[in-house]
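Engineer: Okay, handing you the structure first.
The values are calculated or read from the model by the stated rules, or taken from the named source; none is laboratory data. Everything quoted here is computed from the prediction, not taken from an experiment. So basically every Cβ, Gly included, is an ideal-geometry build from the backbone, and we count neighbours across all protein chains shown. Surface accessibility is based on the protein's heavy atoms, side chains included, excluding ligands, DNA and RNA. Shrake-Rupley method; radii C 1.70, N 1.55, O 1.52, S 1.80 Å.
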Amino acid sequence: MTSETITAAGAGTWQLGDLTINRIGFGAMRLTQLADGSPSDRERVTGVLRRAVELGVNHIDTAAFYFSPLRSANELINRALAPYADDLVITTKVGPGRDAAGEWWWAEPGRLRGQVEENLRQLGRDHLDVVNLRVPRRETTGSIAEHFGALAELRTAGLIRHLGISNARPDHLAEAQAIAPVVCVQNPYGIGSPAEDHAFLDACGEQGVAFVPFFAIAGAAKEAGVTAEDSPRVRAVAEAHGVSAAQLRLAWTLNRGPHVLAIPGTGNPDHLVENIAAGSVRLTAEEMALLDSL
């Protein structure tokens with residue numbers, strides 16, 4: 001595949017409510033700083049954002065808490081892409097917050113409106129396309145009804161167009177859907193995830209809810225952005241398709257179902273092209289079964 005033919009449209013499309021998006025998007029988490037903690041180059045990362053849109057990306061995932069001492073992901077997006085294209089969908093998330101020193105806190109329901117308004121201000125928009133309620137710890141979090149209900153009220157008020165949940169369980173999805181429509185579930189997921197995560201992904205597809213993996217490439221390394229040594233099976237399938245192991249991991253998630261979206265993030269223009277190219281990799285049933293067993 002030549003660079004001239006690489007486009008996010010190669011992964012196909014999905015409907016987030018009434019919004020049509022290409023299934024391979026862009027995650028903004030890595031825009032603000034390098035892996036060693038030093039500030040990103042502003043011109044380089046704004047260039048990556050513009051290049052992503054040129055290559056057909058029309059779904060960007062961000063959050064107001066994606067910031068470093070010198071950079072804010074939302075404000076970088078605003079600088080690079082405003083005025084926004086009509087078809088550009090920006091998804092953000094609320095729940096977690098960070099103070100100026102970077103210390104984390106979790107919003108009570110009454111503080112969610114302030115978080116939504118902060119995203120609006122930073123992005124320079126009058127509404128948010130999709131807002132995900134981020135669950136602190138899906139293993140231990142109980143009811144999310146009060147928090148999700150607060151966001152549903154903001155949706156009714158016109159500040160939010162569509163709602164999703166993040167880091168959630170099947171019972172959280174059922175609870176949220178009883179309050180307002182849920183268009184997406186954004187959870188950690190990738191090759192090697194446990195059986196219950198595979199089942200939740202499949203259940204989302206049966207309900208017409210998009211499943212949006214994060215850490216699909218990084219796996220257990222999470223924010224570090226690298227996986228442990230890839231297994232021989234991952235390397236073998238990657239080599240058969242002429243792609244890297246990271247591209248193969250991304251392609252595998254997209255091949256898990258037409259409702260699966262991808263939001264790989266990078267501040268590197270070469271990695272951007274590689275990530276988008278992964279959206280055109282089609283795996284056979286035998287290859288999927290081989291990788292599913294890991």
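Engineer: Under 1.5 on a/c is rounded, so check that first for region 8-135, then, if it is not, pick prolate when a/b is larger than b/c and oblate when it is not; a ≥ b ≥ c are the square roots of the alpha carbon gyration tensor eigenvalues.
Structural biologist: Working: a/c = 1.87, a/b = 1.20, b/c = 1.56.
Oblate.
Engineer: Now, a different point. With unit charges on the beta carbon (Lys/Arg positive, Asp/Glu negative), name the residue among Val260, Ala80, Val182 whose Cα is farthest towards the positive pole of the charge dipole of the chain.
Structural biologist: In the chain, that residue is Ala80.
Engineer: Note down the magnitude of the dipole of the chain about its Cα centre, charges +1 on Lys and Arg C-beta and -1 on Asp and Glu C-beta and zero elsewhere, to the nearest 20 debye. Before the final figure, lay out the partial values.
Structural biologist: Values: 26 positive and 35 negative charges, 83 e Å.
The calculation lands at about 400 debye.
Engineer: Sorted by accessible area with a 1.4 angstrom probe, largest first, how do Thr20, Thr46 fall? Before the final figure, lay out each step's value.
Structural biologist: Values: Thr20 70, Thr46 0 Å².
Highest to lowest solvent-accessible surface, that is Thr20, Thr46.
Engineer: What percentage of the solvent-accessible surface of region 44-98, computed with a 1.4 Å probe over protein heavy atoms, is contributed by carbon and sulfur atoms? Walk me through the intermediate numbers first.
Structural biologist: Working: 950 of 1930 Å².
After summing per-atom areas, the C and S share lands at 49 percent.
Engineer: Right, next: For the chain, what mean projected area does the convex hull of the alpha carbons give, in nm²?
Structural biologist: Working: hull surface 57.4 nm².
Average projection, Cα convex hull of the chain: 14.4 nm².
Engineer: Determine the order of Glu206, Glu43, Glu54, Glu117 by accessible area, beginning with the largest, at a probe radius of 1.4 Å.
Structural biologist: Details: Glu206 155, Glu43 105, Glu54 130, Glu117 85 Å².
Per-residue accessible area, sorted high to low, gives Glu206, Glu54, Glu43, Glu117.
Engineer: In addition: Volume per residue, Å³, of the convex hull around the alpha-carbon atoms of region 1-63?
Structural biologist: On the way: hull volume 6.7 nm³, N = 63.
For region 1-63, the hull spanned by Cα atoms encloses 106 Å³ per residue.
Engineer: For region 227-284, which trypsin sites (Lys or Arg not before Pro) are both in a DSSP coil and crowded by at most 14 other Cβ atoms within 10 Å? Walk me through the numbers before you get to the answer.
Structural biologist: Details: sites: Arg233, Arg235, Arg249, Arg256, Arg282; in loops: Arg256, Arg282.
Filter output for region 227-284: Arg282.
Engineer: How much accessible area per residue does region 1-143 have, counting only protein heavy atoms and a probe of 1.4 Å, in square angstrom? Don't skip to the end; give the middle numbers.
Structural biologist: Numbers: 6640 Å² over 143 residues.
Value returned for region 1-143: 46 Å² of accessible area per residue.
Engineer: Related question: Quick one: Debye curve from the alpha-carbon atoms of region 80-172 only, equal weights, vacuum; give me log10 I(q)/I(0) at q = 0.13, 0.14, 0.19, 0.21 Å⁻¹ to two decimals.
Structural biologist: -0.45, -0.52, -0.91, -1.07
Engineer: Excluding Phe148 itself, what net charge comes from residues whose Cβ is under 15 Å from its Cβ, given Lys and Arg +1 and Asp and Glu -1? Write down the numbers at each step before the final one.
Structural biologist: Numbers: positive: Lys93, Arg111, Arg113, Arg134, Arg138, Arg155, Arg169; negative: Glu108, Glu146, Glu153, Asp171, Glu175.
Computed value for this residue: +2.
Engineer: Another one. Could you tell me what percent of the DSSP beta bridges with both partners in the chain are antiparallel, to the nearest 5?
Structural biologist: Numbers: 9 of 35 bridges.
Just about 25 percent of them are antiparallel.
Engineer: So what is the 222 nm mean residue ellipticity for the chain from helices alone, if each DSSP H run of at least 4 adds -39500 (n - 2.57) and you divide by all residues, rounding to the nearest 500 deg cm²/dmol?
Structural biologist: Numbers: 10 runs with 105 residues, N = 294.
Here the helix-only value at 222 nm equals -10500 deg cm²/dmol.
Engineer: Related question: Can you grab the distance from the C-alpha centre of region 133-183 to the C-alpha centre of region 14-72, Å, no decimals?
Structural biologist: The distance from the Cα centre of region 133-183 to that of region 14-72 comes to 23 Å.
Engineer: To continue, here is another question. What fraction, in whole percent, of alpha-carbon pairs in region 173-294 exceed 19 Å separation? Could the numbers behind the result be given before it?
Structural biologist: Numbers: 3438 of 7381 pairs.
Looking at region 173-294, the distances longer than 19 Å represent 47 percent of pairs.
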